[in-house]
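The values are calculated or read from the model by the stated rules, or taken from the named source; none is laboratory data. If you're wondering where the values come from, they're calculated on a predicted model, not measured in any experiment. Neighbour counts are summed over all protein chains in view; Cβ atoms, including those assigned to glycine, are modelled from backbone coordinates with ideal geometry. Remember, those area values only see protein heavy atoms, side chains included, never the ligands or the DNA or RNA. Shrake-Rupley method; radii C 1.70, N 1.55, O 1.52, S 1.80 Å.
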Amino acid sequence: MFLWGTATASYQIEGAVREDGRGPSIWDTFSHEPGRVRDGHTGDVACDHYHRWAEDVALMAGAGLNAYRFSIAWPRVLPSGYGAVNPAGLDFYDRLVDALHERGITPVPTLFHWDLPQALEDEGGWLSRDTAGRFADYAAVVAERLSDRVDMWITLNEPFVHMVFGYGLGMHAPGRTLFLDALPVAHHQLLGHGLAVQALRAAGARQVLVTNNCTPVWPASGSEEDRAAADAYDTLHNRLFNDPVLLGAYPDLSAYGIDGLDVVRPGDLETIAQPLDGLGVNYYNPTRIAGPGADGLPFRDAGITGYPTTAFGWPVVPEGLRELLEGLAARYGEALPPVYVTENGCSYEGIDDQERIAYLDGHIAAAERVEGVDLRGYFVWSLLDNFEWAEGYHQRFGLVHVDFETQRRTPKASYHWLRERIAARS
Ligand code: GBH
């Protein structure tokens with residue numbers, strides 16, 4: 001069965017940040033620091049999904065969707081990151097999973113979509129190797145409760161973005177600006193992934209994936225310099241996270257003046273490279289790279305022109321999705337497991353969102369043309385307008401409009417269109 005779904009994330013939709021024993025996360029801390037998030041918005045209430053989940057599940061069913069990718073808030077389950085379990089936190093996801101099954105919707109939980117318990121950040125966050133083991137322990141707690149009803153699990157969401165925005169550039173929580181010194185965050189997340197795969201399988205999980213955000217990298221010109229820069233960017237954005245998982249080795253980082261990651265210990269790559277049941281791929285747009293850049297970086301973003309852009313300013317390049325997936329098949333060959341597009345979507349204003357329809361139609365059509373990839377699912381980001389991280393509530397990615405004053409949900413034109421698109425295909 002091909003999975004047609006939407007994707008969301010806990011901190012972006014749930015709200016109820018102090019309810020039923022949830023501990024604080026790094027996003028609570030960060031969003032409450034002045035100047036971090038546009039207009040001082042926070043996820044304190046968000047879409048109030050913690051109380052309105054039944055209505056939201058009904059909305060998914062109404063769109064004819066058969067899958068739902070959501071994330072579990074680690075600090076709801078383990079308020080201090082480890083140690084005492086908060087049963088009320090698990091109860092919330094337990095109810096949600098049951099409600100999804102009642103509607104014939106396959107639950108696909110992600111265990112980490114960036115809302116690390118603050119207590120773990122206080123112990124070093126993902127700069128600390130210990131966090132990897134804590135993550136696996138948390139994964140085991142959740143799977144012991146849900147694996148009788150959840151087949152498919154995703155360990156991490158976009159470890160690249162979490163490393164670069166959270167620890168490298170400070171645009172996301174925890175707000176650190178370590179630049180390339182953030183690289184241990186890649187390894188510790190990947191190690192956490194590998195340890196979590198083992199823990200999930202031991203607790204009865206049948207299918208395990210990781211979700212990486214990937215971008216086709218276009219050299220700004222045919223010059224040797226730009227091609228080398230594009231290769232260096234591809235290494236950092238795509239290969240650093242896909243190679244260890246699929247090939248069991250890190251890519252060559254010499255373009256960054258780095259001779260291997262010194263936090264890697266013997267056996268780590270075997271842990272990271274265990275067989276997976278699928279690769280989750282989030283696609284938004286290609287990246288055009290010239291080189292070299294400032295601050296000693298071997299690349300710079302040259303920007304894409306000549307394509308329409310979303311309200312966020314991101315270029316709309318549907319063929320980039322085909323290029324990306326076929327590029328993965330070319331690079332990884334037999335090592336590429338089935339692929340799921342676990343996020344694809346766009347920010348636009350308005351309820352008569354014809355631009356979103358055009359965006360989704362173009363990307364679904366591009367996915368249909370992909371050759372040589374066992375593509376098994378497509379998830380729209382997102383079901384609801386929600387808390388768009390550093391942009392607060394300013395970017396609207398939903399198939400369903402949310403009035404953040406009243407919490408009223410209004411399906412957009414794209415919601416109705418998607419139902420017809422899915423029905424026409426089946
Ligand atoms: C995802 O990240 C997240 O998983 C999700 O939580 C989030 O809400 C959603 O996407 C929408 O943002 O500068 O024009 O080249 C997406 C990561 C990083 C993808 C920045 C697009 C740059 C666009 N994004 N990237 S551009």
Subject >> Residues of the range 85-114 satisfying the condition of being under 21 Å from TRP27 (Cα atoms) and open to solvent by 60 Å² or more (accessible area, probe 1.4 Å) >> reply: VAL85
Original post:
Based on what the data block shows, is ARG134 modelled with pLDDT of 95 or more, of a type in the set (D, E, K, R), over 15 Å from VAL197 (Cα atoms) and part of a helix (DSSP H, G or I)?
Top reply: no
**OP:** Output yes when any residue across the range 152-160 is more than 16 Å from the ligand (Cβ to nearest atom), open to solvent by 30 Å² or more (accessible area, probe 1.4 Å) and of a type in the set (A, V, I, L, M), and no when none is.
**Re:** no
Subject >> Qualifying residue in the range 52-61 (condition: aromatic (Phe, Trp, Tyr), more than 20 Å from the chain's Cα centre (by Cα), at pLDDT 95 or above and within 22 Å of VAL108 (Cβ to Cβ)) >> reply: yes
**OP:** Can you tell me which residue within the range 295-315, out of those that are touching a residue at least 12 places away in the same chain (Cβ under 8 Å) and near the ligand (Cβ under 10 Å from one of its atoms), is most open to solvent (accessible area, probe 1.4 Å)?
**Re:** ASP301
**OP:** Determine if the range 37-49 includes at least one residue that is touching a helix residue (DSSP H, G or I) at 6+ places or on another chain (Cβ under 7 Å), in contact (Cβ under 8 Å) with a residue 24 or more places away in the chain, among the basic types (Lys, Arg) and within 19 Å of GLY392 (Cα to Cα).
**Re:** yes
Original post:
Out of curiosity, is THR271 farther than 20 Å from VAL161 by Cα, within 15 Å of the ligand (Cβ to nearest atom) and β-branched (Val, Ile, Thr)?
Top reply: no
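Conditions tested, residue by residue: (1) surrounded by fewer than 22 Cβ atoms within 10 Å (Cβ to Cβ); (2) aliphatic (A, V, I, L, M).
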{"residue": "ARG36", "(1), (2)": "yes, no"}
{"residue": "ASP44", "(1), (2)": "yes, no"}
{"residue": "CYS47", "(1), (2)": "no, no"}
{"residue": "TYR50", "(1), (2)": "yes, no"}
{"residue": "ALA58", "(1), (2)": "yes, yes"}
{"residue": "GLY62", "(1), (2)": "yes, no"}
{"residue": "ALA67", "(1), (2)": "no, yes"}
{"residue": "ILE72", "(1), (2)": "no, yes"}
{"residue": "ARG76", "(1), (2)": "no, no"}
